[in-house]
Amino acid sequence: MSGHSKWANIKHKKEASDKKKGQVFSRLAKEIMVAVKQGGKDPSSNIKLRMALTSAKAGNMPRENIERAIKKGAGELGDVAYEEITYEGFGPAGTAFVIECLTENRNRTIGDVRTTLDRNGGSLASSGSVVRLFSRCAHFMIEGEFADEDKLMELTLDAGAEDISAEDGVAEIWAAPEAFNDIAKVLEDAGITCTEAGITRRPETTVGINELNKAQQVLRLSERLNELDDVQAVYSNENIASEVLEEIDAQDN
């Protein structure tokens, strides 16, 4: 029986993300701009901006990029007209995809998403058919010396953390979205730096994948969607066997 490890999947996704820091900064900047446009420049009264700034800090976004995004969102460097849209789709091996976008051209975005799905073994799904398979959650990832399950439980349970786990020097904290700011403050006060922090979508169930070609198809679709300029985040529910991920990583190196 093939072994499925969520930590192997987490490691693979993080390494793929780390290779695209410039694209990550662009997405973080869009989040900040939209948050400022919707709720103003003051993070103390703008919860969405506070969350965006926490995510930017976790992503090591340069301060000058953050300040520029705030000014753009406030209209000081031109107008921002991004619209938030979420698309749903199915991928290879019966996987489910949720694609969150920020765009100033809805027609272009839906065309790009549909074409990418069609060309990579997927299809666009009707609204509501896929998002129900995911829960919106606050999510924090911590690596290194602070990735201690007992210590993190002690610090964050009272702040609203619901699920804490750690393995191989990586820890995850999951909670309801409304607990995000309280947990972020507790971690910051304790001097703990997150490598990821934000509101995300967590699959309620996963699709186990044991075959190399199926795994490559799912990862290729995810990569192609992430390459689209208007896409902010791609969530999917595959759980690829550890040995298959090792084989893929070996081919890439």
Q: Could you rank the peptides 183-196, 214-227 by their average count of other C-beta atoms within 10 Å per residue, with the highest value first?
A: 214-227, 183-196
(Q) Antiparallel versus total DSSP beta bridges in the chain: what percent is that, nearest 5? (A) 90
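Summarise the long-distance tail of P(r) for the range 40-166 by giving the % of C-alpha pairs beyond 21 Å.
Details: 4940 of 8001 pairs.
It works out to 62 percent of all Cα pairs.
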Q | Full-stretch length increase - E246, A190 - with 0.36 nm per residue and alpha-carbon distance subtracted | A | 16.7 nm
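Between R106 and D150, 0.36 nm times their residue separation minus their Cα-Cα distance comes to what? Provide the component values of the computation, followed by the final result.
Numbers: separation 44, 0.36 × 44 = 15.84 nm, distance 4.58 nm.
Taking 0.36 nm per residue and subtracting the Cα distance, the gain is 11.3 nm.
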Q) R0 = 25 Å: FRET efficiency of I10 with N65, Cβ-based, nearest 0.05? A) 0.45
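Starting with the fewest neighbours, write out C101, C137 ranked by other beta-carbon atoms found within 10 Å of each beta-carbon. Before the final figure, lay out the partial values.
On the way: C101 24, C137 19.
Listed from fewest to most nearby Cβ atoms, that is C137, C101.
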(Q) Greater than 30 Å separation of Cα atoms is the criterion. Which listed pairs, K48/K214; K71/K151; K37/K214; K41/K185; K30/K214; K151/K214, meet it? (A) K48/K214; K71/K151; K37/K214; K30/K214; K151/K214
Q. Which entry in (i) 0.96; (ii) 1.04; (iii) 0.94 is this structure's computed Rg/Rh (Cα atoms, Kirkwood Rh)?
A. (i)
Q.
Using square roots of five times the C-alpha gyration tensor eigenvalues, list the equivalent-ellipsoid semi-axes of the range 134-203 in whole Å, biggest first.
A. 17, 13, 10
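With a ≥ b ≥ c taken as the square roots of the eigenvalues of the C-alpha gyration tensor of the range 19-73, please select rounded if a/c is under 1.5 and otherwise prolate if a/b is larger than b/c or oblate if it is not?
prolate
All of the numbers you see were taken from the coordinates with simple rules; none came from a lab. Because the structure is a prediction, the values reported are computed rather than measured. So basically every Cβ, Gly included, is an ideal-geometry build from the backbone, and we count neighbours across all protein chains shown.
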